[in-house]
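Colleague: Just dropping this structure here.
Please treat every number below as a calculation from the coordinates, not as lab data. Keep in mind the model is a prediction, meaning the values are calculated, not measured. Cβ sites come from the backbone with ideal geometry, for glycine too, and all protein chains shown count toward neighbours.
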Amino acid sequence: MRHRLTIVAALSLLILACGREEGVMGEQSYTVSSEVVATSHELIERDLAGVLRGEMEALVAPEIGGRLQDIYVALGEEVVAGQALARIEGTGYWLSSEAAKGQFEGAKLQLKQAEDSYNRYQPLYESGSISEAQWENIVNAYEGAKINYDASRAGYYGAADRASETTIRAPIPGVVAMRYSDIGSMVGPQFQVFEIVKTDPMKVSIGVNEEDIATVIGGKEVEVSVDAYPEETFIGVVHSIGVKTDPRTHAFPVEIFLDNPDGRLRSGMVAHVRLPIRDLGEVLTIPINAAVKIQDVDYVFVVREVVEETPGMGEDVRPGPSEPQTMLRVEKRAVTLGPVADHRVVVEEGLEPGEEIVTEGQQFLEDGSLINIPDRDGGKGTEQSSGEGEQ
């Protein structure tokens, strides 16, 4: 039991010693990292992700059903609007079209004959040379011929359209992005056969929250990166700004257009838009984690070099005459923080350019704590060159 208590006590002492070293005359010294603060031009940006799409994308399905007989284009091939992409076996459609054409021609001839009779007998009816019943039969024949003509014409045009629709054509210019059916497959209006994508320009849709949407300006250039080309940056232009939030994301949709003359950008690629929100100008910033909040007040620890008299050591290991030593201590200082820009926070009040602050290890410090900065002055932090005073 005694051995167990001894081990626990040793572990407790080890935990308490983490992050600190013994300073002069046994005073605790804390190892920290630091940074000399300076002003820089800062811009608040939002990194918003979206998916690249073509300016226009169309799923292509035939207007009629049938068996796919021919395919005229390959994946990745550029096409123009109206170009033939494939053909459905259409013998039945063409036969129906020819039969409808014959009926239409017959109806046209009947109408011509009925119209001639109407025009020839009308003067005789008006002069009383033919009876009312005879004239009524002529009129009825003429009206019936017109009805038959209109119906047969509609039937013929419909059959001809269906026959022509055996050829599947591109509705937009672009590139054949997908093909969903092969020769011999049964296809129809409910089955997409191709997908056509217009790849220049490309567009990416992002969601901008209510707080930032007022800063988005149409026509403004923005930087866009894609995962496929991590070392490159593309320039996009704000093309359209939504006037209503998306009910799923509660953000306003914004479309960015990118020129893509070489076709390197492809539909479905993940894109990241660097959307500028606010230009802060020249400001002083610190790492966002450098400040410590205590009772709703933000503090930083400013590094100070101080010269202190410390006892020396005599030859018999007893305290000797006092010697001046340059020490590193911290000043706990309240600051006023502003907006965050790229993982750094603006300091509006409380710091001046050129001052040095603690950036790591500040959670252990108090006002006046003794510190050691290993990467400062060749690793000398707690006790620097003696006898010189402040530099």
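Colleague: Using the count of nearby Cβ atoms within 10 Å as a rough guide to exposure, how do Val346, Val358 rank from fewest to most?
Modeller: Arranged by neighbour count, lowest to highest, Val346, Val358 become Val346, Val358.
Colleague: What's the whole-number percent of alpha carbon pairs in region 91-165 lying beyond 17 angstrom?
Modeller: 52 percent
Colleague: Separate question: Would you mind calculating the gained length between Ala81 and Lys244 on full extension (0.36 nm times residue separation, minus the Cα-Cα distance), in nm to one decimal?
Modeller: 55.4 nm
Colleague: Which of the lysines could a cross-linker bridge to Lys198, judged by Cα under 28 Å and excluding same-chain residues fewer than eight apart?
Modeller: Candidates past the 8-residue exclusion: Lys220, Lys244.
Colleague: Order the peptides 210-217, 109-116, 156-163 from the highest to the lowest mean number of other Cβ atoms within 10 Å of their residues.
Modeller: For the peptides 210-217, 109-116, 156-163, the packing ranking is 156-163, 109-116, 210-217.
Colleague: Arrange the following residues from fewest to most other Cβ atoms within 10 Å of their Cβ: Met178, Met202, Met327.
Modeller: Met178, Met327, Met202
Colleague: Right, here's the next one. Starting from the Kirkwood Rh over alpha-carbon pairs, what translational D in µm² s⁻¹ does region 31-169 have by Stokes-Einstein at 10 °C and 1.306 mPa s?
Modeller: D, rounded to a whole number, is 73 µm²/s.
Colleague: As I understand it, the dipole of the chain uses +1 on the Cβ of Lys and Arg and -1 on the Cβ of Asp and Glu, about the Cα centre. Which of Thr91, Phe252, Ile357 lies farthest toward its positive end?
Modeller: So the residue furthest toward the plus end is Thr91.
Colleague: Enumerate the amide H contacts of Ile168 below 5 Å, restricted to partners 5 or more residues apart or on another chain; note that Pro and chain-start residues carry no placed amide H.
Modeller: Distant-sequence amide H within range of Ile168: Leu85, Ala86, Arg87, Ile88.
Colleague: Turning to a different aspect of this structure: Can you sort Tyr118, Tyr93 by how many other beta carbons sit within 10 Å, fewest first?
Modeller: Taking fewest neighbouring Cβ atoms as first place, the list is Tyr118, Tyr93.
Colleague: Compute the length gained on full extension between Ile213 and Ile71: take 0.36 nm times their separation in residues and subtract their Cα-Cα distance, giving the result in nm to one decimal.
Modeller: 46.4 nm
Colleague: Can you list the residues, at least 5 places off or on another chain, whose amide H is less than 5 Å from the amide H of Ser369, using H built in the peptide plane?
Modeller: So Ser369 has HN proximity to Val330.
Colleague: What helices does the chain hold that run 18 Å or longer along their axis, going by alpha-carbon atoms, with a Kyte-Doolittle average of -0.5 or more, using DSSP H for the helix calls?
Modeller: Sorted by number, the helices that extend far enough and score high enough are 2-17.
Colleague: For the chain, give the magnitude of the charge dipole about the Cα centre (Cβ charges: +1 Lys/Arg, -1 Asp/Glu; no others), in debye to the nearest 20.
Modeller: Taking the Cα centre of the chain as origin, the dipole is about 2400 debye.
Colleague: Sequence-distant or interchain residues sharing an amide H contact under 5 Å with Thr31, placed H: which?
Modeller: Distant-sequence amide H within range of Thr31: Arg20, Glu21, Asn372.
Colleague: Another one. State to the nearest 20 debye the size of the charge dipole of region 91-165 about its Cα centre, where the only charges are +1 on K and R beta carbons and -1 on D and E beta carbons.
Modeller: Its charge dipole is roughly 220 debye.
Colleague: Treat the chain as a sphere of radius equal to its Kirkwood radius over Cα pairs and apply Stokes-Einstein at 10 °C in a medium of 1.306 mPa s; give the translational diffusion coefficient in µm²/s, rounded to a whole number.
Modeller: Calculated translational D: 52 µm²/s.
Colleague: Using a cut-off of 24 Å between alpha-carbon atoms, which lysines can reach Lys112, once sequence neighbours fewer than 8 places away in the same chain are excluded?
Modeller: Within the straight-line limit of under 24 Å, Lys112 reaches these lysines: Lys101, Lys146.
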